[in-house]
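The values are calculated or read from the model by the stated rules, or taken from the named source; none is laboratory data. What you are looking at is a predicted structure, and each value in this text was computed from that prediction instead of being measured. A quick note on method: Cβ atoms are made from the backbone with ideal geometry, for glycine too, and the neighbour counts reach across all protein chains shown. Each accessible area value is taken on the protein alone, full model and side chains, heavy atoms only, with ligands, DNA and RNA left out. Shrake-Rupley method; radii C 1.70, N 1.55, O 1.52, S 1.80 Å.
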Amino acid sequence: MTRVAILISGSGSNMISLCNSMLTERFATPVLVLSDRKVAKGLSSARKLGVKTRCIEYKDFHDDHGGFEKSLLNELISVKADLICLAGFLRILSSSFINNFPKKIINIHPSLLPKYKGLNTHSRAIFSGDFEAGCTVHEVTPELDDGPILGQARLPIEPNDTKEILAKKVLKLEHLLYPIVLRRFVS
Ligand code: GRF
């Protein structure tokens with residue numbers, strides 16, 4: 001069974017959705033939820049689900065990104081992770097880190113890639129007058145939000161949608177898309 005580690009920085013709602021699907025459908029095993037921030041709400045949610053958690057506080061490394069990634073790598077090796085899911089993980093991983101897990105790191109991004117890489121995706125979609133928005137699961141490569149697309153889900157942008165409303169709608173869609181893509185990816 002594929003051993004999955006999930007990296008988070010915040011609320012971890014996508015992580016919860018991934019863990020729930022793995023724990024109920026048993027197509028993979030969530031072996032670790034790891035955060036780069038002690039305050040990440042998702043850590044306690046993962047513990048409630050019975051999934052092992054770890055925190056490697058980025059701030060403690062005083063901008064030594066290499067040192068941070070070395071600790072991250074050690075944790076992932078210690079749980080024998082086969083696959084890494086980024087779920088709201090706010091650190092950009094270096095190419096040397098990514099090369100440790102070729103085609104084994106995936107991410108969810110709140111836009112219809114290749115549109116709106118990076119931040120503020122929802123306000124950019126509204127500002128551009130787009131008729132639809134959505135989310136994308138993709139393989140992680142050294143280029144930001146640029147790896148091969150594994151799955152997308154879309155919804156219409158309504159005239160009254162603010163960036164906050166759209167973010168909520170897209171997040172709900174993310175919770176549906178990510179487990180489906182993960183399941184397909186591991187099979
Ligand atoms: C999601 O919108 C995800 O697409 C983006 O960060 C957000 C994380 O939300 N990468 P959560 O922590 O899963 O609730």
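What residue, among those in the range 95-121 that are touching a Pro at 6+ places or on another chain (Cβ under 7 Å) and surrounded by 15 or more Cβ atoms within 10 Å (Cβ to Cβ), is nearest to K80 (Cα to Cα)?
I98
Here is a yes/no grid of residues against (1) in contact (Cβ under 8 Å) with a residue 40 or more places away in the chain; (2) under 23 Å from F97 (Cα atoms):
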| residue | (1), (2) |
| --- | --- |
| G10 | yes, yes |
| L23 | no, no |
| F27 | yes, no |
| V39 | no, no |
| K48 | no, no |
| C55 | no, yes |
| D60 | no, yes |
| D64 | no, yes |
| L76 | yes, yes |
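Look at R184 and say whether it is of a type in the set (K, R), farther than 25 Å from R54 by Cα and more than 16 Å from the ligand (Cβ to nearest atom).
Yes; evaluated as a whole, the condition is true for this residue.
Confirm whether T2 is surrounded by fewer than 22 Cβ atoms within 10 Å (Cβ to Cβ), in contact with an Asp or Glu (Cβ under 6 Å, 6 or more places away or on another chain) and among the β-branched types (V, I, T).
yes
Could you tell me whether any residue of the range 49-66 is open to solvent by 50 Å² or more (accessible area, probe 1.4 Å) and in contact with a strand residue (DSSP E or B) (Cβ under 6 Å, 6 or more places away or on another chain)?
Checked the range 49-66: at least one residue is open to solvent by 50 Å² or more (accessible area, probe 1.4 Å) and in contact with a strand residue (DSSP E or B) (Cβ under 6 Å, 6 or more places away or on another chain).
Write out, first by first residue and then by second, each pair whose Cβ atoms fall under 7 Å of each other, whose residues are 6+ apart or on separate chains, and whose first residue, in the range 115-138, is more than 21 Å from V181 (Cα to Cα) while the second is assigned to a strand (DSSP E or B).
These pairs meet every condition: H122/A133; A125/A133; F131/P156.
I need every pair where a residue in the range 157-172 that is within 16 Å of G88 (Cα to Cα) and among the small types (G, A, S) has its Cβ under 7 Å from the Cβ of a residue that is outside any loop (DSSP other than H, G, I, E, B) and within 14 Å of the ligand (Cβ to nearest atom), sequence separation at least 6 or different chains.
A167/H122
Within the range 73-94, track down each residue that is open to solvent by 40 Å² or more (accessible area, probe 1.4 Å), among the small types (G, A, S) and away from the ligand (no atom under 16 Å from the Cβ).
S78 - this is the single residue of the range 73-94 that is open to solvent by 40 Å² or more (accessible area, probe 1.4 Å), among the small types (G, A, S) and away from the ligand (no atom under 16 Å from the Cβ).
Assigned to a strand (DSSP E or B), in contact (Cβ under 8 Å) with a residue 60 or more places away in the chain, more than 16 Å from the ligand (Cβ to nearest atom) and in contact with a Phe, Trp or Tyr (Cβ under 9 Å, 6 or more places away or on another chain) - does that describe any residue in the range 102-110?
Scanning the range 102-110 turns up no residue that is assigned to a strand (DSSP E or B), in contact (Cβ under 8 Å) with a residue 60 or more places away in the chain, more than 16 Å from the ligand (Cβ to nearest atom) and in contact with a Phe, Trp or Tyr (Cβ under 9 Å, 6 or more places away or on another chain).
Sort out which residues of the range 1-20 are touching a Lys or Arg at 6+ places or on another chain (Cβ under 7 Å) and under 20 Å from L171 (Cα atoms), and write them in order of number.
S9, G10, S11, G12, listed by residue number.
Go through the range 19-52 and report how many residues are more than 9 Å from the ligand (Cβ to nearest atom) and either touching a Pro at 6+ places or on another chain (Cβ under 6 Å) or part of a loop (DSSP other than H, G, I, E, B) (or both).
Counting residues in the range 19-52 that are more than 9 Å from the ligand (Cβ to nearest atom) and either touching a Pro at 6+ places or on another chain (Cβ under 6 Å) or part of a loop (DSSP other than H, G, I, E, B) (or both) gives 14.
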